[in-house]
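The values are calculated or read from the model by the stated rules, or taken from the named source; none is laboratory data. Given the structure is predicted, the values throughout are model-derived calculations rather than measurements. In this analysis, Cβ positions are derived from the backbone assuming ideal geometry, glycine residues included, and neighbour counts consider all displayed protein chains. With ligands, DNA and RNA removed, areas are computed over all heavy atoms of the protein, side chains included. Shrake-Rupley method; radii C 1.70, N 1.55, O 1.52, S 1.80 Å.
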Amino acid sequence: MRIRGNETTNLINFLKTRWLDLCLNLRCDDEVKKTVFNSLVTLYSEPHRAYHNLKHIHNLLGWAENWREQINDFRTMGFAIWFHDAIYQPRHNDNEEQSANLAAARLKYLKILDPQIATVRQMILATKTHDLTNLDSDGKLFLDLDLSILGADASAYQAYSRAIRREYNFVPEPLYRTGRQRILQNFVARDFIYSTVPCREKFESQARENIQREIVELSK
């Protein structure tokens, strides 16, 4: 899932357009918008990111646009997508907290109002355990979109699982297999992987098929 060369340039240019649309009519200067965007590009382009990179953000923004009519506050959803993996260090266990804190600081810089910042923080923090408690319909859809890759076609899912392994290449194989299986089994043990009807209809069946296949592979 790595992106290089012209593909990277085209992706960044496209994402910049989407970012400026998201920031349209904010009270901050255009230079501030560009500065925050550039800082996000730098973070999501870190070399250890095989999956949690700009392509991931692109995909989530695409799904959000697909269901835009069902989103009550598209700007808040957009900022949550942009910042939710801004800090991503696989060796650390506080990435969500650090990403939420960064979002709060940068959104303040963009002159976003405090209630909206609080909602973005809540949505980002919820990605740590995918706990739906206190989330509104936008928050629940956001969590589902973050799991959309689980319901991708088989080849895309396999590319995703290989990318996750590369991000955790410091973990010995036996430990990785055990830990990864535990995470995947937690998903299939749920009554539903996806909490919203649109995502359940779109992704649920394929996600269960993909996850079960990976569990079998990890068991070999």
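Some notes on this structure:
- The listed residue being open to solvent by 70 Å² or more (accessible area, probe 1.4 Å), at pLDDT 95 or above and within 20 Å of H58 (Cα to Cα), out of S155, S161: S155
- Identity of the residue in segment 177-197, in contact with a helix residue (DSSP H, G or I) (Cβ under 7 Å, 6 or more places away or on another chain) and assigned to a helix (DSSP H, G or I), that ends up least open to solvent (accessible area, probe 1.4 Å): L184
- Test: residue in segment 67-83 that is over 15 Å from T127 (Cβ atoms), outside any loop (DSSP other than H, G, I, E, B) and aromatic (F, W, Y): yes
- Every test in (1) modelled with pLDDT under 95; (2) touching a helix residue (DSSP H, G or I) at 6+ places or on another chain (Cβ under 9 Å); (3) of a type in the set (S, T, N, Q) is passed by T9 save one, and that test is (2).
- A residue that is open to solvent by 70 Å² or more (accessible area, probe 1.4 Å), farther than 25 Å from A126 by Cβ and either β-branched (V, I, T) or in contact with an Asp or Glu (Cβ under 9 Å, 6 or more places away or on another chain) (or both) occurs somewhere in segment 205-218.
- If only residues of segment 74-84 that are closer than 18 Å to T42 by Cβ and of a type outside the set (V, I, T) are counted, the one that is surrounded by the most Cβ atoms within 10 Å (Cβ to Cβ) is H84.
- Note on segment 90-129: among residues that are hydroxyl-bearing (S, T, Y) and not in a helix (DSSP H, G or I), the one that is least open to solvent (accessible area, probe 1.4 Å) is T127.
- Residue pairs meeting the criteria (Cβ under 7 Å; at least 6 apart or on separate chains; first over 18 Å from L143 (Cβ atoms) and hydrophobic (A, V, I, L, M, F, W, C), in segment 49-62; second part of a loop (DSSP other than H, G, I, E, B) and modelled with pLDDT under 95): A50/M1; A50/R2; L54/I3
- Listed conditions (1) assigned to a loop (DSSP other than H, G, I, E, B); (2) exposed (fewer than 13 other Cβ atoms within 10 Å of the Cβ) are all met by I87, apart from (2).
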